[in-house]
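Undergrad: The structure is given below, and queries will be raised subsequently.
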Amino acid sequence: MTWMESFRTSWAAVYSHALRSMLTILGILIGIAAVILTVGLGLGTQLDVSAQISSLGSNLLIVAPGSSTSTTGARGGFGTSATLTITDAEALSSTVNAPDISGVAPESATSLSLTANDTNWTTTVTGTTTAWTSVRQRTLAHGSFFTQAQADASAAVVVLGSETADELFGTQNVVGQSVVISDKTFQVVGVLATAGSDSSSNLDDVAIVPFNTAATDLVGGTSSNAVSTIYLQAASDTQLSAAYQEADALLLNLHSISSTDDADFTISSQDALVSTATAVYQTLTILLTGVAGLSLLVGGIGVMNIMLVSVSERTREIGLRKALGAPPWAIRRQFLIEAAILGLSGGILGAVIGVVAALTLPAVIGSSIVVSPLAVGLSIGVAIIIGLVFGVYPATRAAKLAPIDALRSE
Amino acid sequence: MNPVSANPVSANPVSTHSVAALPSHPWTLEADAAGPVIELIDAGKTYTSGTIEFEALKGINLAIHEGEYVAIMGPSGSGKSTIMNILGCLDTLTRGQYRLGGTDVEELDEIELASVRNQQIGFVFQGFNLLSSMPAWRNVELPLVYGHVPREERRKRASRALERVGLGDRLDNKPGEMSGGQQQRVAVARALVGEPTMILADEPTGNLDSVSTRDVLTLFDELNALGRTIVLITHELEVAQRARRIVWVKDGAIVRDEVNAA
């Protein structure tokens, strides 16, 4: 019996039970499509997250108050204590002490209520310097950012996020309008272009004021000079590490701390943020893929189930074939090919449906799905292997049937 | 001729052919042309089920020569089905020897047995055992598939075998579209197609009405007249009487072995 003959016989068996074969194939199909989609969704989300983090600005270092990880791995008051001040930011701006840092944008963020005419809106009011736009890579849709002169003079000027402008005025071009923040009237000089949101905050719902204005008019008291974050921009990719060293040394010196372990601030890079965020999604992807893999396993058990039914249903046929001279290997091969046909069809259909879904679903759910050719190829391979593995037992059982017993069965 | 066997040259009242005019047949046997093609020597078969032993065959001796038409006759439980399974290489002896075409079958492994069944034995079963999803010619070519005969050659030989049994116009009919008699003739064609050493028929008329029974038995007569060795297992005397030699089996032993004088 040639391979072609075996294949023809197996195909006839699959075809003659079309509905049953389809249902079995469906089990594999769902498993394969699920694996492709979960892997694709996981990869897509990782890409989305790193894209969002990159949108913070390029070659960015982020200095936050609070100690870094202690030896026990616990973080001491990250972002809560006011250990960073505007003095630190000014020192970091020095081209002599920190030649690899090209831009410094300190931020002091406070949540405050804004009033325009009769409308109230609570948002994050951020005091910063004129370097902010270049460091955070933001552009203005209307008007302009406040000038160095306005900053020096602690002028009552504000730049609004597009969403904030919308909420307060119902329109975005609101340059020249007035907004009351903490009983003080601010003039709107610009509106930021839309930037979307990063993983933690809405980048379009903000109000930006000069740092000094915020310090004197909005915050006041002892914490007026405190900053919540300092964004540093390295002059280039290759200078990022040098910029990190300079910032670290400079701040340790300013805070009179001798050991890095005792630092009351944390410097993190964009890369670190990306890898932290993607690590989370990677874990999630592995978990979901595991679940999808389980459904594939269930599909495989379905193949085995149907193959066992097929063998017991055709016991007489097997007996007859053996009486007519079929050696055990021919019988085994016939059933293995049958199982492989079921597995392969499920694999190919599952891959097609998975890829089609991966291409159409993002439009609906708004999250990217990356079709990984490796995942597609692997899952088709896995489908065939599943067919074969779960087909071995039924096929061996068929091959071992004694011809007289098989012929006698009803 | 071996004197143990009955003289095959006896008048058969149904067959119109003269036995003396047997054509020589191109057998592919390693056996000495003069020796028996089928030989059971002190053949015993004991079935064991738990602690209970049942001796189905009590050491029988039987020799069948080329061209013979032998009926193995006996009531149910006599051991005739066991003889059929042994002769068909579907089961093995627990004692004694079975020589088919000069080869000791007991020494063959499963794959060699499959090949012996394929090349030397043409089965006809009581229940036809046709594959219902396949047309007649596909059923008939099945032994050739396992005999590594090329596809076109198979189709040709299957058509010829079907023509031989009078179904040349039903090549593409499925078993479900044929009468019982026609189905059994398809099965006979399948038994013939591989040019086996013997045709082994197990109650071939058990499921047939009297007209179809006559048809099938006439077919056997004709095939025998052409030189085919036929072994027919039955419990019906009328059927057995169509053979030229009747071996009577009872309680696992041969009680009578006679030339059919009917």
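Undergrad: Select from B:G79, B:P150, B:G227 the residue farthest towards the positive end of the dipole of the range B:19-259; place +1 on Cβ of Lys and Arg, -1 on Cβ of Asp and Glu, and compute about the Cα centre.
TA: Looking along the dipole axis, the top candidate is B:P150.
Undergrad: Need one number: % antiparallel among DSSP beta bridges in chain B, to the nearest 5.
TA: 55 percent
Undergrad: Which percent, nearest 5, of DSSP beta bridges in the protein assembly as shown are antiparallel? Please list the in-between numbers first.
TA: On the way: 61 of 88 bridges.
So the antiparallel bridges in the protein assembly as shown amount to around 70 percent.
Undergrad: Just to be sure I follow the definition: excluding the sites themselves, where is the longest run in chain B that has none of the GluC sites (Glu not before Pro) in a DSSP loop with at most 16 other Cβ atoms within 10 Å?
TA: Details: sites that count: B:E30, B:E236.
Segment B:31-235 is the longest.
Undergrad: Using only DSSP helix segments of four residues or longer, with each worth -39500 (n - 2.57), what per-residue ellipticity at 222 nm results for chain A after dividing by its residue count and rounding to 500? Walk me through the numbers before you get to the answer.
TA: Details: 12 runs with 215 residues, N = 410.
Using -39500 (n - 2.57) per qualifying helix, the result is -17500 deg cm²/dmol.
Undergrad: Taking a cut-off of 24 Å between Cα atoms, list the lysines near B:K174, but don't count ones fewer than 8 places away on the same chain.
TA: The reachable lysines, counting only those whose Cα sits under 24 Å from B:K174, are A:K322, B:K156.
Undergrad: Which percent of Cα pairs goes in each bin when the distances of the protein assembly as shown are cut into 10 angstrom slices starting at zero?
TA: 3, 12, 16, 13, 9, 7, 6, 6, 7, 8, 7, 5, 1, 0
Undergrad: What number, in nm² with one decimal, is the all-direction average of the projected area of the convex hull of the alpha-carbon atoms of the range B:19-259?
TA: 13.5 nm²
Undergrad: Decide, for the range A:82-263, between rounded, prolate and oblate: order the square roots of the alpha carbon gyration tensor eigenvalues as a ≥ b ≥ c, take rounded if a/c falls under 1.5, and otherwise choose prolate if a/b is larger than b/c, else oblate. Mind dumping the intermediate values first?
TA: Values: a/c = 2.20, a/b = 1.74, b/c = 1.27.
It is prolate, given that a/c is not under 1.5 and a/b is the larger ratio.
Undergrad: Among B:Y69, A:Y244, rank each residue by its count of other Cβ atoms within 10 Å, from fewest to most, as a rough exposure measure.
TA: Working: B:Y69 25, A:Y244 19.
Arranged by neighbour count, lowest to highest, B:Y69, A:Y244 become A:Y244, B:Y69.
None of the figures in this text is laboratory data; all of them are computed from the coordinates on show. Bear in mind that the values here come from a model prediction, so they are computed numbers and not experimental data. A quick note on method: Cβ atoms are made from the backbone with ideal geometry, for glycine too, and the neighbour counts reach across all protein chains shown.
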